[in-house]
Each structure stands twice: as structure tokens, then as C-alpha cells.
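**Student:** Would you mind keeping the following structure in view while I ask a few things?
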Amino acid sequence: MRLGIFSKTFARPSVEDVFDAVRAHGLHCVQFNLSSAGVPPLPDEIAPSLITRIREAAQSRDIEIVAVSGTYNMIHPDQEVQQRGLRRLRTLAAACQGLGTAVITLCTGTRDSANMWHWHPENDSSQAWSDLLRAMEAALRIAEEEQVTLAFEPERANVVNTAARGHALLAAMQSPRLKVVIDPANLIVPDDERPMSQVLDEAFDLLGEHIVIAHAKDRGVDDTFRAAGEGILDYDSYLRLLQARAFPGPLIIHGLAETQVDAVLQFLYDKLQRR
């Protein structure tokens with residue numbers, strides 16, 4: 001199984017330096033964020049020269065850009081904010097071929113107007129769900145036009161906060177352009193009475209065939225995110241389920257400091273070698 005990393009794990013003055021740092025850790029794939037090239041993650045425009053520079057910097061170092069981050073708040077309470085995000089998604093999608101990738105990662109958004117990673121009680125409303133369906137339909141039209149795949153990530157703070165809701169979204173959209181980023185640390189709850197293996201099995205039963213990217217981070221007993229191997233996530237079960245699906249990767253590490261990268265990679269390599 002291929003391991004990779006979020007590009008923005010490495011704060012460097014140039015995109016070339018970022019990719020050098022990736023290779024220094026023996027990695028050959030990244031989930032790329034345009035902030036690693038000195039521009040906003042979802043800019044209003046992307047210079048063709050920058051697209052070429054990013055692609056050539058990656059290719060010359062034998063690094064694959066397996067996906068590019070395109071998260072924006074799809075159900076923001078302000079319609080103009082939603083539409084701005086959609087316009088910028090189109091800009092990013094149009095750049096994907098030049099970047100050498102065909103996958104854009106998304107979150108499904110929240111009614112919290114200040115932070116798209118904060119839960120809001122209205123996320124459970126029928127109106128929020130309807131807004132998400134409309135927003136995703138518009139995003140998928142862009143994906144079809146630009147021949148890219150959109151991969152959403154179920155996340156407890158967003159409107160798609162469970163595997164079941166992720167399955168419902170896939171069923172509603174019925175699009176081969178819509179896939180899943182699986183990150184169990186986003187789904188588990190420290191005080192959940194269900195065995196963790198049951199939670200993971202359910203997630204893979206509902207979403208497994210649609211997974212195109214897997215993430216590797218962790219969650220502590222205090223319900224905060226941790227680096228992989230430093231929390232409560234049952235990585236033996238997680239990796240077993242990925243391998244049972246013959247998932248080739250990428251398994252992308254994130255949610256960690258640069259100083260933790262080597263330890264996390266060793267943790268994952270050890271787990272994979274024992275399987």
C-alpha cells in the first residue's frame with residue numbers, strides 16, 4: 001500500500017522545497033494544497049506558469065499528485081460564500097489536468113459561518129441536506145465538464161457526519177464522479193458504546209467500494225486529533241479493512257507536525273509489514 005502525505009505538512013519557501021522534503025522522507029505521492037505553492041488553496045485564478053511549475057517540480061522528483069485539496073463550505077449560510085466557493089472549484093478543476101491529477105477532495109460543509117470544521121445544530125436539518133444536494137449537483141456538473149473526480153470526506157463537524165449519511169449522499173447523486181476519502185478518526189467517538197471494530201466495519205460496508213483516498217491520523221481519548229498511532233483508532237482493523245478491499249493506496253498521513261513524520265511512517269510501515 002502506497003503511503004503519502006499532505007503537502008502542507010512541510011512549510012517551505014517554494015514548491016520545489018516542499019517536494020524535496022516529501023522525497024527526503026522516502027515518499028512518492030502527496031495530497032497537494034495550493035498553499036504549498038504560495039497561493040490560496042482555492043484561488044480566483046491560477047497562472048498557467050504556476051500550474052506548469054508545480055507539475056514539473058513533482059514529476060522531476062518522481063512524486064505523484066494523487067489529489068488536490070478543494071475544500072470549501074458547501075452549505076455556508078451565506079449563498080454568496082457558497083457561490084464563490086463553487087466558482088473557485090471550477091478554477092481548480094480546470095487546472096487539474098495541467099497539475100497531473102484527476103481528484104479534488106471536498107468537505108460537505110457546515111452551517112457554522114466562521115469555521116467549516118465546526119459543528120452547527122442546523123447541520124441536521126432537512127434544509128441543510130437539501131442545500132448540500134443542490135451544491136453537490138452543481139459541483140458534479142463542473143467535475144463532468146472538466147473530467148475530474150470529487151472525493152468528499154465524512155466528518156463529524158460537517159453535514160455528512162456519519163458513514164450512513166455518506167452512503168445516502170452517494171445514493172442521491174448517483175454519479176461515477178463522486179467518491180470518498182475515508183478517515184476513521186473523523187468518525188469515531190471516544191465514549192461510543194459500540195466496539196470500534198463495529199464502527200469501522202459499518203463504514204467500510206457502506207462506503208468501501210467508493211473509497212479513492214484513505215487518510216491516516218488519530219483521535220485521543222480527549223476527543224482531539226492526534227498523529228497516527230498516538231490515539232485510540234484501531235489501526236489493525238483499519239488496515240485490515242483497506243487490504244480486504246485490495247485498496248492500493250494512497251494512504252495519506254496528516255494532522256501532524258513535521259517532526260512527527262518519521263515516527264508516524266515507521267508506525268504505519270510496521271503495521272503493514274505485519275499484515
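**Student:** Look through segment 110-137, keep the residues that are among the small types (Gly, Ala, Ser) and either in a helix (DSSP H, G or I) or in contact with a helix residue (DSSP H, G or I) (Cβ under 7 Å, 6 or more places away or on another chain) (or both), and return whichever of them is nearest to TYR72 (Cα to Cα).
**Tutor:** Residue satisfying both the conditions and the ranking: ALA135.
**Student:** Let me ask something else. Restricting attention to segment 162-185, does a residue exist that is over 20 Å from LEU242 (Cβ atoms), touching a His at 6+ places or on another chain (Cβ under 6 Å) and either in contact (Cβ under 8 Å) with a residue 12 or more places away in the chain or not hydroxyl-bearing (Ser, Thr, Tyr) (or both)?
**Tutor:** no
**Student:** Out of GLY208, GLY249, GLY255, report the one residue that is crowded, with 17+ Cβ neighbours inside 10 Å, at positive phi and not aromatic (Phe, Trp, Tyr). Outline the logic, then answer.
**Tutor:** Working: GLY208 fails: at positive phi; GLY249 fails: crowded, with 17+ Cβ neighbours inside 10 Å.
Only one candidate passes the filter, namely GLY255.
**Student:** Would you confirm, using the coordinates I've provided, whether THR71 is closer than 29 Å to GLU137 by Cα and not in a helix (DSSP H, G or I)?
**Tutor:** Numbers: closer than 29 Å to GLU137 by Cα: yes; not in a helix (DSSP H, G or I): yes.
Spelling it out, THR71 is indeed closer than 29 Å to GLU137 by Cα and not in a helix (DSSP H, G or I).
**Student:** Quick one: is ALA151 out of contact with any Asp or Glu (no Cβ under 6 Å at 6 or more places or on another chain), under 16 Å from ILE213 (Cα atoms), of a type in the set (Gly, Ala, Ser) and outside any helix (DSSP H, G or I)? Let's see the steps before the verdict.
**Tutor:** Details: out of contact with any Asp or Glu (no Cβ under 6 Å at 6 or more places or on another chain): yes; under 16 Å from ILE213 (Cα atoms): yes; of a type in the set (Gly, Ala, Ser): yes; outside any helix (DSSP H, G or I): yes.
So ALA151 fits the description; yes.
**Student:** Let me ask something else. Can you tell me which of ALA228, ALA163, ALA214, ALA172 is over 28 Å from ALA11 (Cα atoms) and either at pLDDT below 95 or buried (at least 18 other Cβ atoms within 10 Å of the Cβ) (or both)? Spell out how you get there, then give the answer.
**Tutor:** Values: ALA228 fails: over 28 Å from ALA11 (Cα atoms); ALA214 fails: over 28 Å from ALA11 (Cα atoms); ALA172 fails: either at pLDDT below 95 or buried (at least 18 other Cβ atoms within 10 Å of the Cβ) (or both).
None of the others qualify; the one that does is ALA163.
**Student:** Please go through segment 175-205 and give me each residue that is modelled with pLDDT of 95 or more, over 18 Å from the mean Cα position of the chain (by Cα) and in a helix (DSSP H, G or I), ordered by number.
**Tutor:** ASP201, GLU202, ASP205
**Student:** If you check ASP262, ASP236, which single one turns out to be over 18 Å from the mean Cα position of the chain (by Cα), surrounded by fewer than 17 Cβ atoms within 10 Å (Cβ to Cβ) and under 28 Å from GLU209 (Cβ atoms)?
**Tutor:** Every option except ASP236 fails the conditions.
**Student:** Out of the residues in segment 71-98 that are surrounded by fewer than 20 Cβ atoms within 10 Å (Cβ to Cβ) and hydrophobic (A, V, I, L, M, F, W, C), which is nearest to SER49 (Cα to Cα)?
**Tutor:** Residue satisfying both the conditions and the ranking: ALA94.
**Student:** Could you list, ordered by first residue, the pairs with Cβ atoms under 8 Å in which the first is in segment 22-35 and closer than 23 Å to GLU153 by Cα and the second is assigned to a strand (DSSP E or B) and aromatic (Phe, Trp, Tyr), at least 6 apart or interchain?
**Tutor:** That search, which allows pairs on different chains as well, returns VAL30/PHE6; GLN31/PHE6; ASN33/PHE6.
The values are calculated or read from the model by the stated rules, or taken from the named source; none is laboratory data. None of these values were measured; they are calculated from a predicted model. Heads up, the Cβs are rebuilt from the backbone with ideal geometry, glycines too, and the neighbour counts pull from every protein chain shown.
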